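Worksheet: one structure, shown below.
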Amino acid sequence: MAKPRARGRANKKKGMVGPAQRKRRPRLPAEDLDWKNFPSLRRFVSERGKIRSRRITGLSRRQQAMVATAVKRARTMGLLAYPDQDRKVRH
């Protein structure tokens, strides 16, 4: 006979009481996620020019998609640098 499947967490760590609390996601107004507002977009871009992940920014999936679109548009307009743009090109 097969074992019954466990529902929920089977491996609880010591010291944890109850379910783990989810991290709250910051709510951003849509005006902050505009491509023309590049100073606020720099929060979501690393020093090397890469877009930071949701795990680091703490945004929701929809907000992260909006940030990615805004950063890409700002790059196209020349407001933000592309990743590794400052590297020298080898011939």
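Throughout, read-outs are computed from the coordinates displayed, never taken from laboratory work. None of these values were measured; they are calculated from a predicted model. Glycine also receives a Cβ, built like all others from the backbone with ideal geometry; neighbour counts cover every protein chain displayed.
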Normalised radius of gyration for the stretch 30-76, please: alpha carbon Rg relative to 2.2 N^0.38 Å, two decimal places.
1.00
What ranking of 3, 36 emerges when the number of other C-beta atoms within 10 Å of each C-beta is taken as an exposure proxy, fewest first?
3, 36
Only counting other Cβ atoms within 10 Å, I'd like 67, 45 sorted with the fewest neighbours first.
45, 67
